[in-house]
Amino acid sequence: LGLDESFDQSSPLYRKIEGIISRLLEDFVDDVDIFDSLQSELLAVIHDENKRAEIAAKEMARKIAYKERLEVGKAIAQLEIKTRAQSAQLPHLVQRFLTDEWMKLLLLTYARHGQEGDPWKSALETMDHLIWSVSFKPSVEDRRKLAHMLPGLLKRLQMGLQSTGAKEEKRKDFFTRLMRMHTKV
């Protein structure tokens, strides 16, 4: 009853059970002790199969929980990006970067560390700094602050893109265009 649909003549479990039955049919003449020894073997096989099934069930439950966590993370990450995009007039380059690339980082970060973890907060902070960095800076003080924070911001963006597996060509193109934008600001 506990066997899945993949149980057939080619399965290792089938062959083990078949071996026990074959030995019973071949070796039993009038010695009933064979029933005890083969029953012990059969119970061991059942125990091993139950253990394997339990491990497989736990793994499946873990995968389902991770998938659910990803779905929740996606919704939260989209909301965070949308909120920031609506509150600031974002250049197309930055908006596209956030929705295409940074979204992946937020999603992975949420799935691994949750919303309360430091990596999540750091990813949001980096996004906020990026948005601030591309807005017009009327005062000399703001421009100095931008010049001071840019190296750290660029490093965090680079690390984030690397962690999501963004292609190097795409990263170079983004940073080249972002540098032009920062120069204008």
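Counting only Cβ charges, +1 for Lys and Arg and -1 for Asp and Glu, the dipole size of the chain around its Cα centre is about 2780 debye. The simple spin-label model puts a point 7 Å past each Cα toward its Cβ; for Q162 and V140 those points are separated by 3.7 nm.
Only aspartates and glutamates eight or more places from K58 in sequence, or on another chain, were considered; those with a Cα closer than 17 Å are D4, D48, E49, E68. In the chain, the longest principal axis of the Cα atoms and the axis of helix 118-133 are about 30 degrees apart. In straight-distance terms, cross-link reach from K155 covers every one of the lysines whose alpha-carbon lies under 21 Å from its own, apart from those fewer than eight places away in the same chain; here that gives K104, K121, K145, K167, K170, K172, K184. With Cα atoms defining each centre, the stretch 108-185 and the stretch 1-55 are spaced 60 Å apart in the structure.
Straight-line cross-link partners of K51 among the lysines, defined as a Cα under 24 Å from its Cα and at least 8 positions apart when in the same chain: K16, K63. Ordered from largest to smallest accessible area (heavy atoms of protein chains, 1.4 Å probe), the residues W120, W132 come out as W132, W120.
Rounded to the nearest 0.05, the FRET efficiency derived from the C-beta distance between I20 and E71 at R0 = 45 Å is 0.50.
In the chain, taking the dipole from charged Cβ atoms about the Cα centre, the farthest positive-side position among L70, Q95, S11 is held by Q95.
The values are calculated or read from the model by the stated rules, or taken from the named source; none is laboratory data. Nothing here was measured: the structure is a model prediction, and the numbers come from that model. Backbone-built Cβ (ideal geometry, glycine too); neighbour counts: all protein chains shown. Accessible surface is based on the protein model in full, side chains and every heavy atom, while ligands, DNA and RNA are left aside. Shrake-Rupley method; radii C 1.70, N 1.55, O 1.52, S 1.80 Å.
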